[in-house]
Amino acid sequence: MTKTMPAPPCLPRPLFLHQLAVLVACGATALAATGQTPPPSPARSASGSIRIENPQEKADLATRIDEAIQRAKTKNAPTTSAGARRRAEPIPSVEVRIPTERPSKPAKTMAIPQALARPAVQDPEASRRYIQTRAAELAAVAPPPPPPDPRTVHWDYDSGDRGPQAWGSLHPDFATCSRGMRQSPIHIKAQDVEVGPAPPLPFNHQFFGGTVLHSGHGLELKVEGDSILTLRGMPWRLVRLQFRHPAEERVHQHNYPMATDLVYQGPDGQTAVVSVPMQLGSTNAFITHIWTHMPLDAQDSVRLPQPVLSVDELLPQDRRYYQYAGSITQPPCTEGVLRIVMKTPVNVGLAQLRMLQRVSPPNARPVQASNGRLVREAQ
């Protein structure tokens, strides 16, 4: 006995997205019942499900299914014989996936580093403290500023914070002033002196001129011309004269009111200083030549009209001397200087000394520790 299999129930329109799967099954059964070739099926995934993503394909599929259902209704009327009816095929499982719109990516926000994040300003005092804290942190890691040009550093001979006791701390280049072990001037004492033979000082007899200037630290003469002293078998050239009051070196407890220092430069850049101590007495002709063209204020200068100066006119007749290793006596206090102090002083007039005292402040550095240095007394 032949049983008639009713057509699978089909859902009327309108169609909803969630009913599309059932319609696909109905359409497939109806097409099989009418013997027509179903439309090309969408591609199946690895799991066997059908994925329809194109909206046009979804619309075409819905139209085809609707037409196939109508034809199936007409063909599967009750008058159809049981022999002509085919056994209904199992309804395939159809999974329709409708892609949803991808969620938009949230906008990226730039994270502020914790070290740069600022607290909310609640009151001016809190803001001020924050600024001070940040400034201190930045200052701790910032490199120190470079030191100034040592030529621009102010120093003097007073007893204040710019005086000789503070020179070593005014600039890194002045550190030798406080740390050096062979500083000048010194107090020449009997226990430090060794008497022995020494070469004479062969000063030449050439005349020289120059420019008298007030440096702000004292009166000096920049030498123009050749005035040579032979030391250690080499010629040393006179470059500068400095007039100091009082004299810097102290000799056997004796302080001189004035001294003239002759600064020589060697062929390899060495420095030697010949100090001529001066005591009150008759007028000094050498000093008269210079005082005639004396500048009257700091940074002022006067050039000598003619080369009328000679070292022989300044030096004493007795050319014996003391000799020791020392330094220059103003910043940067460079050591390695050959210091020569004449044993016999020369005279200077009282009026000449007072003129120097009126124009220039005292410019003698206090005596420094000898640190066991040998002082040779030339015979």
- Whole Å is fine, so just give me how far the alpha carbon centre of segment 193-270 lies from that of segment 300-379. 6 Å
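Is there a quick way to get the dipole size of segment 316-379? I mean about its Cα centre, with the Cβ of Lys and Arg at +1 and of Asp and Glu at -1; what is the value in debye to the nearest 20? Don't skip to the answer; put the middle values down first.
On the way: 9 positive and 3 negative charges, 23 e Å.
So the magnitude is around 100 debye.
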- Query: Dipole of segment 141-247 (Lys/Arg Cβ +1, Asp/Glu Cβ -1, origin at the Cα centre): which of ALA190, HIS154, PRO200 lies farthest to the positive side?
  - Reply: PRO200
- Please label the shape of segment 202-335 as rounded, prolate or oblate, based on the square roots a ≥ b ≥ c of the eigenvalues of the alpha-carbon gyration tensor (a/c under 1.5 means rounded; beyond that, a/b larger than b/c means prolate, else oblate). rounded
- Inter-label distance, nm, simple model (7 Å from Cα along the C-beta direction), ASN204/ASN347: 3.1 nm
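Subtract the Cα-Cα distance of GLN270 and THR152 from 0.36 nm times their separation in residues, and report this length gain in nm to one decimal.
Working: separation 118, 0.36 × 118 = 42.48 nm, distance 2.42 nm.
Here the answer is 40.1 nm.
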- Filtering chymotrypsin sites (Phe, Trp or Tyr not before Pro) in segment 148-210 by DSSP loop and by at most 13 other Cβ atoms within 10 Å leaves none
- Message: Treating only the Cβ of Lys, Arg, Asp and Glu as charged (+1, +1, -1, -1), what charge dipole size does segment 273-344 show about its Cα centre? Round to the nearest 20 debye.
- Response: 240 debye
- Note on the structure: Counting only DSSP loop positions in segment 128-193, the trypsin sites (Lys or Arg not before Pro) whose Cβ has at most 13 other Cβ atoms within 10 Å are LYS189
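No lab work stands behind these numbers, since they all come straight from the coordinates. Given the structure is predicted, the values throughout are model-derived calculations rather than measurements. With ideal geometry, Cβ positions are generated from the backbone for all residues, glycine too; neighbour counts draw on all protein chains shown.
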